[in-house]
């Protein structure tokens, strides 16, 4: 997930997303938490949390989170970062910046993204579960890793909030 912006964009994380957290081996958050309560919540409910701070995160979050995080999972090298710059040229820019990764999870735009850069770097943006901006739905991603490969990438669309 990324760009939760709590409590500015929503009062809490969606129930559907919260229900999935304990079932995940790893939870990624690509920044713009805004409040430390969300970090505390995810740390308490996740088996493992890999997160970074975003441009809207203040000193409390920046003291607890890195700008870039890395994790090896199932034979794949994952990275997490908030900002990757404009959509145009993103694949080449990220492949040059992160030549040692297989998968890069990023946020900032609130726009779901799934592409593969020349050379094989997979770029994934889960969108936002709380602030859809110009998108039709709030979203998050789940992925399955098996045999050193992403075997399933699913974009989950959340129901409209009342």
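If you check 60, 114, 100, which single one turns out to be within 25 Å of residue 7 (Cα to Cα) and surrounded by fewer than 15 Cβ atoms within 10 Å (Cβ to Cβ)? Break it down into steps so the answer makes sense when it comes.
Numbers: 114 fails: within 25 Å of residue 7 (Cα to Cα); 100 fails: within 25 Å of residue 7 (Cα to Cα).
Only one candidate passes the filter, namely 60.
Answer yes or no as to whether residue 121 is modelled with pLDDT of 95 or more and under 24 Å from residue 13 (Cα atoms). Please lay out each step first, then the result.
Working: modelled with pLDDT of 95 or more: yes; under 24 Å from residue 13 (Cα atoms): no.
Taking the combined requirement at face value, the residue does not satisfy it.
Name the residue that is surrounded by the most Cβ atoms within 10 Å (Cβ to Cβ), counting only residues in region 144-162 that are part of a loop (DSSP other than H, G, I, E, B) and touching a helix residue (DSSP H, G or I) at 6+ places or on another chain (Cβ under 9 Å). I'd like the intermediate steps shown before the answer.
Taking region 144-162 as the starting set, the residues that turn out to be part of a loop (DSSP other than H, G, I, E, B) are 147-148, 158-162.
This time we only want the ones that are touching a helix residue (DSSP H, G or I) at 6+ places or on another chain (Cβ under 9 Å), so: 158-159.
Numbers: 158: 19, 159: 10.
That would be 158.
Hey, does region 66-80 have a residue that's without any contact (Cβ under 8 Å) to a residue 40 or more places away in the chain, more than 22 Å from residue 152 (Cβ to Cβ) and in a helix (DSSP H, G or I)?
No, the conditions are met nowhere in region 66-80.
Please go through region 109-143 and give me each residue that is over 21 Å from residue 51 (Cα atoms) and assigned to a loop (DSSP other than H, G, I, E, B), ordered by number.
Correct list: 117, 118, 119, 120, 133, 134, 135, 136, 137.
Can you name every residue in region 86-108 that is closer than 23 Å to residue 154 by Cβ and either touching a residue at least 60 places away in the same chain (Cβ under 8 Å) or outside any loop (DSSP other than H, G, I, E, B) (or both)?
90, 91, 94, 103, 104, 105, 106, 107, 108
Assess whether residue 160 counts as being under 19 Å from residue 16 (Cβ atoms) and free of Cβ contacts under 8 Å to residues at least 60 places away in the same chain. Let's see the steps before the verdict.
On the way: under 19 Å from residue 16 (Cβ atoms): yes; free of Cβ contacts under 8 Å to residues at least 60 places away in the same chain: yes.
Spelling it out, residue 160 is indeed under 19 Å from residue 16 (Cβ atoms) and free of Cβ contacts under 8 Å to residues at least 60 places away in the same chain.
Counting just the residues of region 118-138 that are under 14 Å from residue 108 (Cβ atoms) and in contact with a strand residue (DSSP E or B) (Cβ under 6 Å, 6 or more places away or on another chain), which one comes out surrounded by the fewest Cβ atoms within 10 Å (Cβ to Cβ)?
Residue satisfying both the conditions and the ranking: 123.
Restricting region 25-39 to residues that are part of a loop (DSSP other than H, G, I, E, B) and more than 14 Å from the chain's Cα centre (by Cα), which is farthest from residue 10 (Cα to Cα)? Full working, then the answer.
Restricting attention to region 25-39, the residues satisfying the condition of being part of a loop (DSSP other than H, G, I, E, B) are 25-26, 30-35.
Those still in the list that are more than 14 Å from the chain's Cα centre (by Cα) too: 25, 34-35.
On the way: 25: 26, 34: 11, 35: 12 Å.
Taking the candidates together, the pick is 25.
Table: residues versus (1) touching a helix residue (DSSP H, G or I) at 6+ places or on another chain (Cβ under 8 Å); (2) surrounded by fewer than 16 Cβ atoms within 10 Å (Cβ to Cβ); (3) over 17 Å from residue 138 (Cβ atoms).
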| position | (1), (2), (3) |
| --- | --- |
| 4 | yes, no, no |
| 8 | no, yes, no |
| 16 | no, yes, no |
| 22 | yes, yes, yes |
| 38 | no, no, no |
| 68 | no, yes, yes |
| 80 | no, no, yes |
| 90 | no, no, yes |
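Report yes if residue 42 is outside any loop (DSSP other than H, G, I, E, B) and at negative phi, otherwise no. Explain how you work it out, then say what you get.
Details: outside any loop (DSSP other than H, G, I, E, B): yes; at negative phi: yes.
Spelling it out, residue 42 is indeed outside any loop (DSSP other than H, G, I, E, B) and at negative phi.
The values are calculated or read from the model by the stated rules, or taken from the named source; none is laboratory data. In this text the structure is predicted, and so the values were computed from the model without any measurement. Glycine gets a Cβ as well: all are built from the backbone with ideal geometry, and neighbour counts include every protein chain shown.
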